[in-house]
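Below is one structure, written out as structure tokens; the observations come after it.
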Amino acid sequence: MSAHRITPVPVAARRPSPWPPAAFWKALGSHLLIPLFLAAGMALAYLGAFHAPQPSNIPVAIVGQGPAADVFAQTLNDKAPDKLDVTTVATLDAARAAVKDQRIAAAYATDQTHATIVVSTAASPGEASAAEELLLPIAYQQHLPVTIDDVKPVPADDATGQGLFFLMVALSVGGYSSAIAIAAVTAKLGVAWRIAVSAGTALVVAAIGTVVAGPLFHVLDGNEWSIWLLAALYVFGIVTIGVGLHPVLGRWTTPVLTLLFVMLNVTTSGGIFPQNMQPPFFAGLSTFWTGAAWLDAARALTYFPGEQFGFDGLRLALWAVAGLGFIGISHLLTLRRRRAADDTVAATALEEETAVAAA
């Protein structure tokens, strides 16, 4: 038999695919996951909280005595049962005092020639504006000229009344961004050093914000030292929570802190709209969230000297204690992980020695 030589047929060269390989898409998705989370979270938080503010049970008073005042107050309650909570006060002076003490948001007084709306923009610019919008149509229906009596106005250098709110935003960003840096640098140090560095950083961040808000832009009015200490406690809570979470969450620490101290914190603080103009979810959070506690306490120090803000201070302290707790828990988890890794290494070394001895 004669041997036949088989000539292989050349395989056509494959054309390179215009699409990147699967590994590229996996890596892209992994890197974009956090930015997409931040985009979705910011949109949901800010639009959810601010897109359609509605007044809810704003406390106002009608100035007057007797059946006529009571009927007028009840009529307003019936017309806007979910928006207003209307009571009566005897005199205009009593109404001014109640607004100044923040027992009510606004008061409405009339005589034969004009109407007066009593508000306090220092207590809450948003609430004062909402009260005016609800009470002004009543004066127009009565064909009375209106006087706005602002018994506690915001300072001239803080015309919008939101200077303290913007200071809180600066403190929040400085706090959670510092937490990431501190967690990375102090990862191999003990708990005491992590707490000490966190406290020192909180004092510095608070000092920067206080100097900018006080001597530079005059938002503060002689209460810089008190605001500095209050701000330091607020920032310390944020920093310690970030330092405590970082060993557990890793690269997810930044988005989680953004969720806690930007998405939820800014929207529930009452700096844009007060609690009784927020959707129920955000209004509920504002009762215990740290930004709302700081802003309420800072407003008391700045605009209402002598007013007690013990509950707000307690909330800030509890957030700081939670941060210390996170640092302690994450430290214990880190030690446990290290012991487990050391045990694994020791077991592997023992197996290798046993195998060598047996050979």
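The values are calculated or read from the model by the stated rules, or taken from the named source; none is laboratory data. Worth saying up front: this structure is predicted, and the values here are computed from it rather than measured. Backbone-built Cβ (ideal geometry, glycine too); neighbour counts: all protein chains shown. The area values use the complete protein model at the heavy-atom level, side chains included, leaving out ligands, DNA and RNA. Shrake-Rupley method; radii C 1.70, N 1.55, O 1.52, S 1.80 Å.
State the percentage of accessible surface on the chain attributable to carbon and sulfur atoms; use a 1.4 Å probe and exclude ligands, DNA and RNA.
Numbers: 13130 of 19680 Å².
Summing carbon and sulfur atoms, their accessible area is 67 percent of the total for the chain.
Treating the angle as unsigned and between 0 and 90°, give the value, to the nearest 10°, between the Cα long axis of helix 67-79 and the longest Cα principal axis of the chain.
It is inclined by approximately 30 degrees.
Pairs on different chains or at least eight residues apart, Cα atoms closer than 28 Å: how many lysine pairs in the range 60-216 fit?
Numbers: LYS79/LYS100; LYS83/LYS100; LYS83/LYS152; LYS100/LYS152.
Taking the range 60-216 as the scope, the lysine pair count is 4.
Please work out the average accessible area per residue across the chain, using the 1.4 Å probe convention, and give it in Å². Present the calculation step by step, with values, prior to reporting the outcome.
Values: 19680 Å² over 359 residues.
Accessible area per residue, the chain: 55 Å².
Projected onto the charge dipole of the range 1-150 (+1 at Lys/Arg Cβ, -1 at Asp/Glu Cβ, origin at the Cα centre), which of THR87, SER129, GLN112 gives the Cα projection farthest towards the positive end?
Of the listed residues, the answer is SER129.
Residues in the range 233-270, backbone N under 13 Å from the label point at TYR46 (7 Å along the Cα-to-beta-carbon vector): list them, ranges by number please.
262-264, 266-267
Taking amide H positions as placed in the peptide plane 1.01 Å from N, state which residues far from LEU84 in sequence (5 or more) or on other chains have amide H under 5 Å from it.
Excluding prolines and chain starts, which carry no amide H, the hits are ASN57, ILE58.
By how many nm would the segment from THR147 to LEU259 lengthen if fully extended, with 0.36 nm per residue of separation less the alpha-carbon distance? Intermediate results must be reported in sequence, preceding the final value.
Working: separation 112, 0.36 × 112 = 40.32 nm, distance 4.27 nm.
Computed gain between THR147 and LEU259 is 36.0 nm.
How do the peptides 196-206, 181-191, 121-131 rank, highest first, by the average count of neighbouring beta carbon atoms within 10 Å per residue?
On the way: 196-206: 19.9, 181-191: 14.5, 121-131: 22.9.
The peptides rank, most packed first, as 121-131, 196-206, 181-191.
What value, in deg cm²/dmol to 500, does the helix sum -39500 (n - 2.57) over DSSP H runs of n ≥ 4 give at 222 nm once divided by the residues of the chain?
Values: 12 runs with 219 residues, N = 359.
Value at 222 nm, helices only, nearest 500: -20500 deg cm²/dmol.
With labels modelled as points extended 7 Å from the Cα through the Cβ direction, what inter-label distance (nm, one decimal) is found for LEU36 paired with VAL248?
Label at LEU36, label at VAL248, 2.6 nm between them.
In percent, how large is the relative contact order of the chain, given Cα pairs closer than 8 Å and 6 or more residues apart? All intermediate terms of the calculation are to be shown ahead of the outcome.
Details: 481 pairs, mean separation 58.0, N = 359.
Dividing the mean separation by the residue count of the chain yields 16 percent.
Would you please give the FRET efficiency between ASN57 and PHE217, computed as 1/(1 + (r/R0)^6) with r the Cβ-Cβ distance and R0 = 30 Å, to the nearest 0.05? Could the numbers behind the result be given before it?
Numbers: r = 34 Å, r/R0 = 1.15.
It comes to 0.30.
Quote the FRET efficiency, to the nearest 0.05, computed for ALA192 versus TRP225 with a Förster distance R0 of 25 Å and r equal to the Cβ-Cβ distance.
It comes out at approximately 0.40.
Just to confirm the number: angle between the C-alpha axis of helix 191-211 and the first principal axis of the chain, 0 to 90 degrees, nearest 10?
40
Using a Förster distance of 56 Å, how high is the FRET efficiency between ASN77 and THR348, based on the Cβ-Cβ distance and rounded to 0.05? Intermediate values should be presented prior to the final figure.
Details: r = 76 Å, r/R0 = 1.35.
About 0.15, to the nearest 0.05.
Output the 0 to 90 degree angle, nearest 10, between the alpha-carbon long axis of helix 290-303 and the longest principal axis computed from the alpha carbons of the chain.
So the helix axis and the longest Cα principal axis differ by about 40 degrees.
Among 93-104, 283-294, 45-56, 26-37, how do they line up by average Cβ neighbours within 10 Å per residue, starting with the highest?
Numbers: 93-104: 18.2, 283-294: 21.8, 45-56: 15.2, 26-37: 11.3.
Highest to lowest by the protection proxy: 283-294, 93-104, 45-56, 26-37.
Over the range 23-174, what is the mean sequence separation of C-alpha contacts under 8 Å (at least six apart), divided by residue count, expressed as relative contact order in percent?
Numbers: 190 pairs, mean separation 26.4, N = 152.
Averaging sequence separation for qualifying contacts and normalising by length gives 17 percent for the range 23-174.
Which lysines have a Cα less than 29 Å from the Cα of LYS26, not counting those fewer than 8 places away in the same chain?
Cross-link targets: none qualify.
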